[in-house]
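Worksheet for the structure shown next.
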Amino acid sequence: MDFDYTPEQEQFRSRLRAWMEATAAELFGDLVASSSVTVESLLYGRDDQLWQKMLEYHRRLHDAGYLALHWPKDWGGSQAGVVEQSIYQDEALRLGLPLYGANNFAIDRIGPTIMLLGSEEQKQRYLAPMLTGEEIWCQGYSEPNAGSDLAGLQTRAVLEGDCFVLDGQKVWTSNAHRADYQVLLVRTDPAAPKHRGISYLLVDLRSPGITIRPLMQITGEMGFNEVFYDGVRVPKDNLVGKLNEGWQVSIATLMFQRASGGVRHPVERTMGELIALAKRVAFDGRPACNSAYIRQRLAQFAAEARCIRLGRYRAMSAQLRGRVPGPESSIGKLCATELSLRLAMFADEMLGPYANLESGSPGTVEGGKWTSRIIAARESTIAGGTSEIQRNIIGERVLGLPKG
Ligand SMILES: Cc1cc2nc3c(=O)[nH]c(=O)nc-3n(C[C@H](O)[C@H](O)[C@H](O)COP(=O)(O)OP(=O)(O)OC[C@H]3O[C@@H](n4cnc5c(N)ncnc54)[C@H](O)[C@@H]3O)c2cc1C
């Protein structure tokens, strides 16, 4: 296998890197330069100023042609090759920037789902404002009693004339407080077997009858929400795919989500930061970087991070040969998120009691950034399907084991 890039691809990387570094320095200067946090980790917070900058970053990313490299030209994307997409991902992760500007859900998975299964009118109406950032999207799948067992969802939609009437509740809806639209999974036939009575709707979040309530996270952020629906009317033209066949549509969205799930976690960037940390702090009474234990752990993590990168190249090479990404994308998601968690836990171990100091407290290490990262580290192993669910998928659909 040849891992070298062509001169044209190297030029693409240099141009992109120069653009990204300059734009990020201008808009997020301190955050990127100090690498105190990744800009992405703040994307779903409540900081209005940062959000405005994020929207500006989104617009510039789009104008420069980097926002939707994987979208076809017919729908406003750049239709770049998979190698260029991979180079783009490397560069965005290197700076801790979000891959799809302010509209992650839309560009990553909802737009591609509409392109694949939406009506011509839906494509004409919704795709362009996703790219410009004029309409921000979120994803309403999980409910209080339907997370891993998503098909158990109970939010009801009853067809009355030209509208569906919605009643029920979603939970953990990231960014609903900023979003204009939502993709929503609803039960339209309660009598059918649970996977068969579900439909997939596009919902205007300003519709009367919708209440959005923030949920406070352990980090102090409020990135996700509960969303309540009380007699909400949604035009029947907003149905994607066929009535009661929304499960297949939701699977398409999840496949797009999981295909990028392993890519999103900047494990190599974090590795670099941990190595720098090991050179700065003491462990067991001497510089951490001189401890055999710390060195062994770091080397092990580095090997795993490299395997994740090679796994990504393998998937890319399969795509270049025309193969569609399959359930093996769960392997990338599982490995990258679990490694991210272990890296944070390792920082906790190196820092000892200092890991508990919040930013702003005297004696914090690196502004207390590791404290919030350690607290937040488990999130990614839950979002988008937990690690246990990814292992079930790998067991059943990659290894061919019988259903447990
Ligand atoms: C940061 C973050 C952002 C999120 N954003 C969104 C969003 O925007 N939209 C949205 O709809 N949802 C979102 N979610 C919700 C997420 O999809 C769910 O939390 C996830 O699917 C798990 O569902 P649950 O929380 O109901 O846990 P449960 O399904 O109740 O699971 C509880 C535990 O049981 C285990 N478990 C369950 N079933 C099995 C099984 N069959 N085999 C083995 N173990 C099992 C799970 O792995 C877990 O450890 C987000 C979650 C997080 C953490």
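The values are calculated or read from the model by the stated rules, or taken from the named source; none is laboratory data. If you're wondering where the values come from, they're calculated on a predicted model, not measured in any experiment. Every residue, glycine among them, receives a Cβ derived from its backbone with ideal geometry; neighbour counts consider all protein chains shown.
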So, in region 206-242, exactly how many residues are more than 23 Å from Leu116 (Cα to Cα) and in a loop (DSSP other than H, G, I, E, B)? 12
When you look at Gly352, is it over 29 Å from Gln85 (Cα atoms) and outside the structural domain of Val83 (by TED's automatic domain parsing), yes or no? yes
Within region 82-93, identify whether any single residue is surrounded by 22 or more Cβ atoms within 10 Å (Cβ to Cβ), within 30 Å of Arg17 (Cβ to Cβ), in contact with a Pro (Cβ under 9 Å, 6 or more places away or on another chain) and in contact (Cβ under 8 Å) with a residue 12 or more places away in the chain, and answer yes or no. yes
Would you say Ala377 is over 18 Å from the mean Cα position of the chain (by Cα), within 18 Å of Leu93 (Cα to Cα) and not basic (Lys, Arg)? no
Give the residues of region 216-234 that are surrounded by 14 or more Cβ atoms within 10 Å (Cβ to Cβ) and modelled with pLDDT of 95 or more, sorted by residue number. Asn225, Glu226, Val227, Phe228, Tyr229, Val232, Arg233, Val234
Scan region 123-153 for residues that are among the hydroxyl-bearing types (Ser, Thr, Tyr) and more than 8 Å from the ligand (Cβ to nearest atom) and jot them down. Tyr126, Thr132
Counting only residues that are surrounded by 11 or more Cβ atoms within 10 Å (Cβ to Cβ) and more than 16 Å from Val365 (Cβ to Cβ), region 285-304 contains a total of 10
Which one of Gly272, Gly285, Gly231 is in the same structural domain as Ser199 (by TED's automatic domain parsing) and either out of contact with any strand residue (DSSP E or B) (no Cβ under 7 Å at 6 or more places or on another chain) or of a type in the set (Gly, Ala, Ser) (or both)? Gly231
From Met115, Met130, residue being at pLDDT 95 or above, of a type outside the set (Asp, Glu), in contact with a strand residue (DSSP E or B) (Cβ under 7 Å, 6 or more places away or on another chain) and assigned to a helix (DSSP H, G or I): Met130
Inspect all residues belonging to region 148-157 and state whether any of them is in a strand (DSSP E or B), of a type outside the set (Lys, Arg) and more than 19 Å from Trp19 (Cβ to Cβ). yes
Quick check: is even one residue across region 158-173 surrounded by 21 or more Cβ atoms within 10 Å (Cβ to Cβ), within 15 Å of the ligand (Cβ to nearest atom) and under 17 Å from the mean Cα position of the chain (by Cα)? yes
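Matching residues to (1) more than 14 Å from the ligand (Cβ to nearest atom); (2) of a type in the set (Lys, Arg):
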site	(1), (2)
Pro193	yes, no
Thr211	yes, no
Arg233	yes, yes
Asn238	yes, no
Gly241	yes, no
Glu245	yes, no
Gln257	no, no
Ala276	yes, no
Val281	yes, no
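Of everything in region 179-195, what is charged (D, E, K, R) and either assigned to a strand (DSSP E or B) or modelled with pLDDT under 95 (or both)? Give them in sequence order.
Listed by number, the residues that qualify are Arg187, Lys194.
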Can you find a residue that is modelled with pLDDT under 85, in a helix (DSSP H, G or I), closer than 29 Å to Ile275 by Cα and of a type outside the set (Gly, Ala, Ser) anywhere in region 330-349? no
Among the residues of region 355-404 satisfying the criterion of being among the hydrophobic types (A, V, I, L, M, F, W, C) and in contact with a Leu (Cβ under 8 Å, 6 or more places away or on another chain), which is farthest from the ligand (Cβ to nearest atom)? Val365
